[in-house]
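See below for the structure under consideration.
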Ligand SMILES: NC(=O)c1ccc[n+]([C@@H]2O[C@H](COP(=O)([O-])OP(=O)(O)OC[C@H]3O[C@@H](n4cnc5c(N)ncnc54)[C@H](OP(=O)(O)O)[C@@H]3O)[C@@H](O)[C@H]2O)c1
């Protein structure tokens, strides 16, 4: 496994112009009714792919599907399965529904998330809710869909964040829920680090087991989406509303790294893809420098075992 920083896509970086026809391909995207997930759906559908959105809110999903049909035409193949990533039972039901709906999965894009939740909240399964939604929900979903993705020679795309190298820069195994000194930032950072560590651990396990699944890890930089709208403190919402006009890029540009990771050939393992300008917050999409914390194998192995236990998943990879 390499970790060489190589720029593959020249000055302009990766753009959706590189994608050919995606007719016959199926992409599954979590949290696709707004922001980067919605824009990723639009790009993939515009290339002829089938997209299955796995969204929490049925009304918002209906509106999103209507908007996509209005802009791309009634013929597009887009559907929706209800899932709450913050409830393991809901993830199991949704995974079954998906397996009944789609004979193949070319990529599962783990995009849905909540961020900077102002006050500690605990999911029905007992997890701090950012760790529950962003990591444990996706961990279980990936495990339940893995065999189908493997049969399809498909991919798993983990949507991370620059936050992985901020906060505590570790998994707080002794206090996963931040019962002691909860902060919105540290708990979000932990959840995104967990997702990324899981992605790299999956790469290593897939290689060792000689499976046919490619895993890629990316992030959208700083993008103007709904991310902080429901969850952040009033102060952080106002701050972001003002700052994002200056420092952030469009949600569409934020979608490019995940679409690239789902479709482009020749990407590397142990690599992170995202925007390359202004501390990787905006600009041309290519490989980013990866902080070594994300590749810590001891912590990742511990997180893997813990995630199996917490989700009661039987995944012998
Ligand atoms: N925007 C940025 O600057 C930025 C920076 C770093 C990383 N990211 C990452 O980019 C990804 C996309 O986020 P975004 O910025 O596009 O934000 P967004 O517009 O808020 O989209 C997030 C999506 O996740 C869904 N979601 C939230 N909780 C869920 C749950 N329990 N079950 C199922 N779906 C759920 C939301 O659905 P609802 O509509 O039901 O809430 C929404 O559709 C996330 O992984 C985020 O961490 C974003």
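No value in this document is a laboratory result; all are computed from the given coordinates. Worth saying up front: this structure is predicted, and the values here are computed from it rather than measured. Every residue, glycine among them, receives a Cβ derived from its backbone with ideal geometry; neighbour counts consider all protein chains shown.
Numbers below:
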quantity	calculated
Region 183-265 - percent relative contact order, Cα under 8 Å, separation 6 or more	32 percent
The chain: antiparallel DSSP beta bridges as a percent of all, rounded to 5	20 percent
Within a Gaussian network of the chain (alpha carbon springs, distance under 10 Å), most fluctuating of 139, 198, 235	235
For region 135-237, diffusion coefficient by Stokes-Einstein and Kirkwood Rh (Cα), 4 °C, 1.567 mPa s, µm²/s	85 µm²/s
At 0.890 mPa s and 25 °C, Stokes diffusion of the chain via Kirkwood alpha-carbon radius, µm² per second	127 µm²/s
Mean Cβ count within 10 Å, highest first, over the residues of peptides 174-180, 9-15, 155-161	155-161, 9-15, 174-180
Under the Debye formula (equal points on every Cα, no solvent term), log10 I(q)/I(0) of region 1-70 at q = 0.12, 0.27 Å⁻¹	-0.42, -1.16
C-alpha center-to-center spacing [region 1-72, region 90-119] in angstrom	14 Å
Residue 90-residue 11 FRET efficiency (beta carbon distance; Förster radius 41 Å; 0.05 resolution)	0.40
GNM flexibility winner over the chain from 199, 167, 221 (Cα, springs under 10 Å)	167
For the chain: relative contact order, % (alpha-carbon pairs under 8 angstrom, 6 or more apart)	21 percent
Ranked by how many other beta carbons lie within 10 Å on average, peptides 99-109, 240-250, 40-50, 65-75 from highest	40-50, 99-109, 240-250, 65-75
For region 190-235, diffusion coefficient by Stokes-Einstein and Kirkwood Rh (Cα), 37 °C, 0.692 mPa s, µm²/s	250 µm²/s
Normalised alpha carbon radius of gyration of region 156-315 [divisor 2.2 N^0.38 Å]	1.08
FRET efficiency, 1/(1 + (r/R0)^6) with R0 35 Å, evaluated for residue 119 and residue 211 via beta carbons	0.30
Gap separating the Cα centres of region 152-204 and region 296-312, nearest whole Å	12 Å
Cα pair distances in region 67-154, grouped into 5 Å bins until the bin that holds the longest one, percent each	3, 13, 21, 19, 16, 13, 10, 4, 1
Expected 222 nm ellipticity per residue - DSSP helices of 4 or more, -39500 (n - 2.57), all of the chain, to 500	-13000 deg cm²/dmol
Relative contact order for region 58-127, counting Cα pairs under 8 Å that sit 6 or more residues apart, in percent	26 percent
Cα-based radius of gyration of region 1-147 once divided by 2.2 N^0.38 Å, which approximates compact folds	1.13
10 Å binning of all Cα-Cα separations within region 275-315, expressed as whole percents from 0 upward	25, 27, 25, 22, 1
